[in-house]
1. Looking at segment 24-93, what helices (runs of 4 or more DSSP H) fall wholly within it and have at least 2 residues that are over 23 Å from Leu13 (Cβ atoms), at pLDDT below 95 and among the acidic types (Asp, Glu)?
2. Restricting to segment 8-38, what's the tally of residues that are open to solvent by less than 40 Å² (accessible area, probe 1.4 Å) and either of a type in the set (S, T, N, Q) or free of Cβ contacts under 8 Å to residues at least 24 places away in the same chain (or both)?
3. With the requirement that a residue be closer than 14 Å to Ala22 by Cα and either touching a Pro at 6+ places or on another chain (Cβ under 7 Å) or β-branched (Val, Ile, Thr) (or both), what does segment 33-81 give you?
4. If you scan segment 40-61, which residues turn out to be free of Cβ contacts under 8 Å to residues at least 24 places away in the same chain and buried (at least 20 other Cβ atoms within 10 Å of the Cβ)?
Amino acid sequence: PKKMREIDNICRLLDKGENDKAIRLLNIQINTHEADDKLYYMRGNAYFKSGNWQYAMEDYMQAISINAESPAAEAIKMARNILEFYNKEIFCQ
């Protein structure tokens with residue numbers, strides 16, 4: 001089906017680093033399938049790769065609120081560790 005083809009296309013864009021295009025397509029998918037935690041997880045990954053950490057964290061949290069077993073639960077832990085390390089480097093702590 002169509003949704004799976006779109007997801008495959010989005011995955012290819014993410015693999016190629018075309019995060020902005022992937023985010024635009026994910027926005028469309030989320031508008032149609034707003035209860036799909038995988039879409040929020042994927043968009044969170046795209047935002048994270050783009051350096052938009054706030055939006056990434058928000059999407060991970062949304063995915064977790066839909067499905068506590070979402071891979072976003074692990075992604076948010078890793079993102080927090082990365083951001084904590086990054087922030088310590090900035091402030092020489």
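The values are calculated or read from the model by the stated rules, or taken from the named source; none is laboratory data. None of these values were measured; they are calculated from a predicted model. Here Cβ is always computed from backbone atoms with ideal geometry, including for glycine, and neighbour counts include all displayed protein chains. Each accessible area value is taken on the protein alone, full model and side chains, heavy atoms only, with ligands, DNA and RNA left out. Shrake-Rupley method; radii C 1.70, N 1.55, O 1.52, S 1.80 Å.
1. Working: elements: 37-50, 53-66, 72-90.
Where helices (runs of 4 or more DSSP H) fall fully within segment 24-93 and carry at least 2 residues being over 23 Å from Leu13 (Cβ atoms), at pLDDT below 95 and among the acidic types (Asp, Glu), they are 72-90.
2. Step one: filter segment 8-38 for residues open to solvent by less than 40 Å² (accessible area, probe 1.4 Å), giving 10, 13-14, 19, 22-23, 26, 29-30, 36-37.
Now narrow it down to the ones that are either of a type in the set (S, T, N, Q) or free of Cβ contacts under 8 Å to residues at least 24 places away in the same chain (or both): 13, 19, 26, 29-30.
Summing the residues that are open to solvent by less than 40 Å² (accessible area, probe 1.4 Å) and either of a type in the set (S, T, N, Q) or free of Cβ contacts under 8 Å to residues at least 24 places away in the same chain (or both) in segment 8-38 gives 5.
3. Residue satisfying the conditions is Tyr41 alone.
4. Pass one, segment 40-61, residues free of Cβ contacts under 8 Å to residues at least 24 places away in the same chain: 43, 51-52, 54-61.
Scanning segment 40-61 gives Arg43, Ala56, Asp59, Tyr60.
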